[in-house]
Each structure stands twice: as C-alpha cells, then as structure tokens.
Amino acid sequence: MHAPDRPASYAHPARLILILSLAPTVGLGIGRFAYALVLPDMRDTLAWSYSAAGFMNTINAAGYLAGALLASRMIRRFGLAASVRWGTLACVLSLALCATTGDFYVLSFARLLAGVGAAAGFVGGGALAATIAQSRPERANFLLSLFYAGPGIGILASGLVAPFVLQGFGPGSWWMVWWAMTALAVVMTIPVLLAPFHAGAALTETTAAKFAVAPVVIYLAGYFLFGAGYIAYMTFMIAYIRDAGGGAAAQSAFWSLIGVSAFITPWVWRRVLALDRGGLATTIILGVNAIGAALPIFGHSVWLLAISALVFGVAFFAVVGSTTAFVRFNYPPQAWPTAIAAMTISFGIGQTLGPIVVGAITDALGSLSFALNVSAAMLALGAVLSAFQRKVARKSWP
C-alpha cells in the first residue's frame, strides 16, 4: 500500500485536490447520478418497470462495491494516481457505451463498469487527497472537503444540460443525453490525466494494513443506511418531480441546486468536520441530510422542493467527507486506503440494495411518495447509529 511516512510538500495542495475531485465528478456526479435525469425517458421509451429502472442503479452500485473490494489490491499494484486515472477512464467508456444501445444487458454492463471505475477513482482519490491535505495540517479538513465537493460539479453540469437535451429532441432522445454526458466527462478527465499528483510526494512501500471491523461496526452500519437511503432519493426524485408536472426547467433547477450545494459544503461544515469525537460529525451532517430527504413528503410546492434540494445537497456531499475525516482521526496514515475501502464497501452494500428495493416498493404501492418515506427513515436511523460511535483506541490500530 502506498502511504506517506511524513507529510509531503505540495506547492499548490488546493489546486491539486480540486483537479483530483474531477475523478468523482466523472465517476459519481455524471457516471452515477446523471442516470436519474434520463431515467424517466428511458423508462417510457424502453418500457421498464420501476424495479427495472432501479436495477440500473443497483448494478452500478454492485460494480462500485466490487471496485471497493478490489481497490486495495489495485492501489498496491498500480499506485494511487494510476488507480484514479484508470478508474476515471473506465467511467468515460461506460458513458459512451450507454449512448450506443438500448439493450438491457449491455446497459447493465455499462452501469456495472461505471461503478467499478468510480470506486477505483474514489478510494484512490480519497486516500491521495488525504495525503495531499496532510501537507497543510492546519487546513487539512477544508482541503479534504474540496475533494468531496467533486460530484457536485458533475451534478450541476448534467443538470444544466440533460433536461434541455431531452426537451429539445423530444421523447426517446435519452441516448443523446448520454453522448452529451460523455463529452462532458472527456473534458473533465483531461486534467486528471495530466496533473502531477506525485510531485513532491514522499511515498514508501509498506505492507497492506489490516482493518478491524469490531471497533467501528456501528459506524459502518450507519454508513450502510446512508448508502441505502441517499441513493433512493437521488435515483427517483427527478421522476417524482416530472410526475408532479415539473418540466425541463423545474428538473434542471432542482438537480442544479443539489450540485450548487457542493460549492458551499466546505465552508458550511468546516468546523463540524474538525470534531474529533467519534461519530458525532457524521451524526450531525447525516441528520441534516435526512431532513432534506423528508421535505418532499409534505408537498410539491416549488419552494419546498428547492429547500429540499439545497438542504439534502449541502449535507450529502459532507457525509462522505466526515467518514474520511473519521478515518484520519482514528487510524495511522498507512491504514487510510484500507480503512477508506472498508467504509466504501459498507456504503456500497447499502446503495446496491437501495434502488431495487425502493423500486419494488413503488411498483407494489403505486407511488414514489412511499419510497421517499423509506429513504428519509433510513437516513435518520443512520444518523442515530453514528451517534454511538466512539473514538477508536490505539490498541485497535492494525
């Protein structure tokens, strides 16, 4: 495993982390979340049930889980930077594949590939961002939060493009949206391929660090519930808005508000992320996330949906950052990639189950409102469980 034995010197850590954040921008912001924007048109054109539509995000999440399981081996063999770059390129390829076919099995493979690539980019990128952030200890939490704002760039960009492509070209034009997303991803991948992530780094080869589950099992359970709960909201909210009569402008505005939230996340949660008190930071942020997810239950008004998008978005991007901050506070640097991978696996299991379960609930009960109730409840329970996580004793370190 590549890990620093002392903080490396980086001349421009914020710039490097912002470039690094383009990996989750492509893998998650576009590769995973843009699917929600084309889901209604794909479902209508390809005659899918909600369960089938949910399965496309389930298979994506399964790929993400597989990628997280393989991440430590990939990082040991190829290094952090190479894992990020190859993972991002795999996501670009998957987007292009989605644009070329309506075959359910080929699309499933493309979504699976996107998940594997996104996990490689996220786990490797998270560990590399933590390493770069350590070069400025006094600003480490702020710098690290810049990486986790990355998906918001992809959400904002896709939200400004996809609904209007669909509106302009009419029903059945979902494949053109995928081509537009591919073009966006290509542009964003170029800086990731060219950035000197290893410049000035002091890296050494160490043995793979083991990760003890027992001391953090309740925290992993809370993160599992976050994975299951958030993905239901992010998969079906555009369909919910469209079913309520919202056109391209409403869908774009809602999605873009979630993306815009990412840009204020580092400032909103800077002090909370600095709390070295077990799972407290995650509890606070995940609780706010649950409130945002619950708001659409109370109506379809424009203002209520706008507030929901902002509240959900500003907390959503910070939850993942809080888990990496937890790893930094509770484990030695050589254990960071392994610990982040373990967190990602728990999260991945949750988001693998979430979309298909929520889709089945919607098919059975005939309303997306029930699905959103379940989503908000899972997020709230995750916040409660995280509150019981204490700091990890040094004797539990690998």
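Couple of notes before you dig in:
- Here's the picture: charge each Lys and Arg Cβ at +1 and each Asp and Glu Cβ at -1 in the chain, and of 233, 174, 86 the one pushed furthest to the positive end of that dipole is 86.
- Global form of region 1-144, assessed from the alpha-carbon gyration tensor, a/c cut-off 1.5: prolate
- Computed with a 1.4 Å probe on the full set of protein chains, the accessible area for residue 32 sits at about 10 Å².
- The calculated P(r) of region 249-373, using every Cα pair and 10 Å bins from 0, goes 12, 33, 36, 16, 3 in percent.
- The order of 164, 326 by accessible area, most exposed first and with a 1.4 Å probe, is 164, 326.
- Nearest 10 degrees, 0 to 90: helix 336-365 Cα axis against the chain principal axis: 20 degrees
- Two-site FRET efficiency, residue 44 against residue 393, from Cβ-Cβ distance with R₀ of 51 Å, rounded to 0.05: 0.40
- Sum of -39500 (n - 2.57) over DSSP H runs of 4+, divided by residues of the chain (222 nm, nearest 500): -25500 deg cm²/dmol
- Heavy-atom accessible surface of residue 300, to the nearest 10 Å², is about 110 Å², with a 1.4 Å probe and all protein chains retained.
- Listed candidates [x] 28, 60, 12, 0; [y] 31, 60, 9, 0; [z] 23, 47, 25, 5, 0 - label of the one calculated as P(r) over Cα pairs in 20 Å bins from 0, in percent: [y]
- With contacts taken as Cα pairs under 8 Å and at least 6 residues apart, the chain reaches a relative contact order of 29 percent.
- Based on every Cα atom in region 36-114, Rg and the maximum pairwise Cα distance Dmax equal 14.3, 44 Å.
- Solvent-accessible surface (1.4 angstrom probe) belonging to residue 240, in square angstrom, nearest 10: 20 Å²
- Each peptide in 139-147, 333-341 receives the mean, over its residues, of other Cβ atoms within 10 Å, and ordering these scores from highest gives 333-341, 139-147.
- Once the Cα atoms are used to define both axes, helix 280-294 deviates from the longest principal axis of the chain by about 0 degrees.
The values are calculated or read from the model by the stated rules, or taken from the named source; none is laboratory data. None of the values given here were measured: they were computed from a predicted structure. Ideal geometry is used to build each Cβ from the backbone, glycine not excepted, and the neighbour counts take in all protein chains shown. In case anyone asks, the SASA skips ligands and DNA or RNA and just uses the protein heavy atoms, side chains included. Shrake-Rupley method; radii C 1.70, N 1.55, O 1.52, S 1.80 Å.
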